Amino acid sequence: MTKGMSVKQSYSLLKSFQLNELNFARLQYSVTHFVISTLQNYYTDRLFTPSKNFLEEYDDEILGLPNITPNGLFLPKKSTRNAFNDVHRAAASMFNSTGLAKHFSSAHMPISIRLITNKRAGDLDARPRSSTKLHTDIWAGESAATMMLFLPLMGDAANNSISFYEMDSFPVELLRSLTDFKYGGELARKSCQLDVDFNIGELYLADSFILHKTEKKSPKIRLSLEFRLVPKQVLASDGYGSKARESDYVCLDKWFEIGEDLFVYNELPLRDYSYSDKVIDKYAGSAKLIDLRLLDS
Ligand SMILES: [Fe+2]
């Protein structure tokens, strides 16, 4: 898949690529606008302005927002849907520029914006499926047929990073959804940590079989973008895992139209994210699509 491409860091289950500066700057700008827009819609008596250090300047206010899940997923809401569509459009443009798109048939909708800091830790990290425990996303309900893209966007990615681990073989009995990532503990002990630098502006393409965990070593926020893709080429091992999230994927042609002719939306108001400790395989931030062309007729 990466043959002929300029790969920066290369392992069996993980490759990274340096992004084009213009595409990356556009993505940073759109996510900054999304965060500022969320702040403005929540703290209506304050004025928020984008700046180079807005993550540090507004860190208490950002961490006080009600639309961030325990695993740090920064959810779009009704009042921030325009800004979120701009992020989707910028993400599609960035992905298109990599030349990787021809290898994939569908992509997860919506994309994920992730916020990580050790100011959000403690009880959150003790949850059964905390991303700070070593895991593969197959254990969280993803299909083995998918691949993940991680892109650190801004903030302290060096200390609030993701660490990756590979192993020689994967036991078939663990290729399923697990109620607690601790059940993968023995497997984790047999795996080997990769010497990966997690850098701003570098795009990481990871196989679903890779083990990984979120690192939280700094109070400074790291923001990143993530989305999952289904490759065109199917392998024998791709039949494992859950089908619970299948309905969240759209064909890649359609995914590229989001933020253009298709509008991704979530009707929920900007208020407290509520969750129970019940472990479910569904994605936390499901959203719907409207075809704007149909509204014109
Ligand atoms: Fe994960």
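By the helix-only formula, in which each DSSP H run with n ≥ 4 contributes -39500 (n - 2.57) and the sum is divided by residues, the chain has a 222 nm mean residue ellipticity of -6000 deg cm²/dmol.
Calculate, for residue 121 and residue 233, the FRET efficiency according to 1/(1 + (r/R0)^6) with r their C-beta to C-beta distance and R0 41 Å; round to the nearest 0.05.
So the FRET efficiency works out to roughly 0.60.
Counting beta carbons within 10 Å around each of 290, 221 and listing the fewest first gives the order 290, 221.
For a paramagnetic label modelled at 7 Å from the Cα of residue 167 toward its Cβ, which residues of segment 134-155 fall within the zone defined by backbone nitrogen distances under 20 Å? Counting backbone N atoms under 20 Å from the label point, the list is 134-148.
Here residue 188 and residue 43 are evaluated by their C-beta separation; at R0 = 41 Å the FRET efficiency comes out at 0.50. In segment 55-206, one over the average inverse separation of all distinct C-alpha pairs is 17.6 Å, which is the Kirkwood hydrodynamic radius.
Protection proxy ranking for 181-189, 73-81, 111-119, using the average of other Cβ atoms within 10 Å per residue and placing the highest first: 111-119, 73-81, 181-189. For the residue pairs 15/102; 3/190; 78/288; 133/216; 119/213; 15/213, the alpha carbons lie more than 20 Å apart in 3/190.
Any read-out appearing in this document is the output of simple, stated calculations on the displayed coordinates, not a laboratory observation. Owing to the predicted nature of the structure, the values given are computational and were not obtained by experimental measurement. Using ideal geometry, Cβ is built from the backbone for each residue, glycine included, and neighbour counts are taken over all protein chains shown.
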